[in-house]
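Here is the structure we will look at, set down as structure tokens.
The values are calculated or read from the model by the stated rules, or taken from the named source; none is laboratory data. From a predicted model like this one, the values you see are computed outputs, not experimental measurements. Here the Cβ positions follow ideal geometry from the backbone for every residue, glycine too, while neighbour counts run over all protein chains shown. For the accessible areas, the whole protein counts, side chains as well, though only heavy atoms, and no ligand, DNA or RNA atoms are used. Shrake-Rupley method; radii C 1.70, N 1.55, O 1.52, S 1.80 Å.
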Amino acid sequence: MDNNKLIVILGPTASGKTSIAANIAYQFNGEVISADSRQIYRGMDLGTGKDYEDYAVKGKQIPYHLIDIKEAGEKYNVFEFQSDFLDAYNKIIAKNKLPILCGGTGMYIDAVTKGYKLYPVPPNSELRENLEKKSLEELTSILVSKKQLHNTSDIDTKKRAIRGIEIADFYESHPEIQTEYPTFDVLYCGIKYQRTKERENITERLAQRLDSGLIEEAKKLLDKGLTYDDLIYYGLEYKFLSLFIKGELTYDEMFTKLNTAIHQFAKRQRTWFRKMEKEGVNIHWIEGERSFEEKMKQLTNIISSFI
């Protein structure tokens, strides 16, 4: 096997990626690297959909990486993910196994497959103080003058826009910085359902996770010292569970708002994957409605030709 091969299994939330990736790993002597921005945190299991049981395939435990590597409450960024991914990738290759990157965080997938040049940019207090006086419109104008905006998240808030300017300004001031990142021979495979079925999957999974103790999981995180603001920072499940636990939402309100938010999140994921395709990435899409055996057969043929 070539030592720069990488299989990517991607798709929106609740598309069954993990089980597919684990079975691919079983079949092709591989190991799975998670590309999920929240599964890195310990104790955030149900809310992030770790699905540990999916890594047990036909009596064999499939090794996985970049899950449970940080304590809840810590901050984590794309630069750290690049570094941690490369470490995991090299360990898998050293064992002559096939690396399989699995997840729905498009930015993380792009960061390692396209080799973003990232650097841990330090804060610039003086610059931040000056920029804080400006409006979001003014900040947006400054940021656009310094870099091409690939998505609107950079200008969602003044805080994000200021950080974007801070990073762009740092690179302008340090042209000597060259962060090399290896290139990979990548095969992209995606799992997608029709919209109606996807919505059903999301709602059913949310109900199952609540029945399995999702609220109790959030309470345990609070008991361990996390604040409500910490949980809200992680978004989606933890944001709305926090509001429910605080008494600001009823159970039904929490379920409805959270369910809607997850549907919107899945839409954003699909948008990112379409962006990848527009930028030249060839994703082999597999219909989610097919039986598991049919999906595996199709993927097996595609991956066999690749490796």
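Summary table
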| read-out | value |
| --- | --- |
| Sites R290 and K146 - FRET efficiency at Förster radius 45 Å, r taken between beta-carbons, to 0.05 | 0.45 |
| Accessible surface of region 74-151, 1.4 Å probe, proportion on carbon and sulfur as whole % | 50 percent |
| Apportionment of accessible area to carbon and sulfur, region 154-307, percent (1.4 Å) | 49 percent |
| From the coordinates shown, Cα Rg over 2.2 N^0.38 Å corresponds to which of [x] 1.05; [y] 0.95; [z] 0.90 | [x] |
| Kirkwood-based shape ratio for region 1-144, expressed as Rg/Rh from alpha carbons | 1.07 |
| Stretch gain in nm, segment N96-Y181, where the contour uses 0.36 nm per residue and the Cα spacing is subtracted | 28.5 nm |
| Accessible area per residue, Å², region 192-256 with all protein chains present, probe 1.4 Å | 58 Å² |
| Sites A207 and E172, calculated FRET efficiency, Cβ-Cβ separation with R0 35 Å, nearest 0.05 | 0.10 |
| Net length gained if the chain between S305 and K134 were fully extended (0.36 nm per residue, minus Cα distance) | 56.1 nm |
| List K267, K60, ordered by accessible area with a 1.4 Å probe, largest first | K267, K60 |
| Share, in percent, of DSSP beta bridges within the chain that are antiparallel, nearest 5 | 5 percent |
| Cβ-derived FRET efficiency at R0 22 Å, E80 paired with D223, nearest 0.05 | 0.25 |
| Helix-only CD estimate at 222 nm, as mean residue ellipticity for the chain, using -39500 (n - 2.57) per DSSP H run (n ≥ 4) | -16000 deg cm²/dmol |
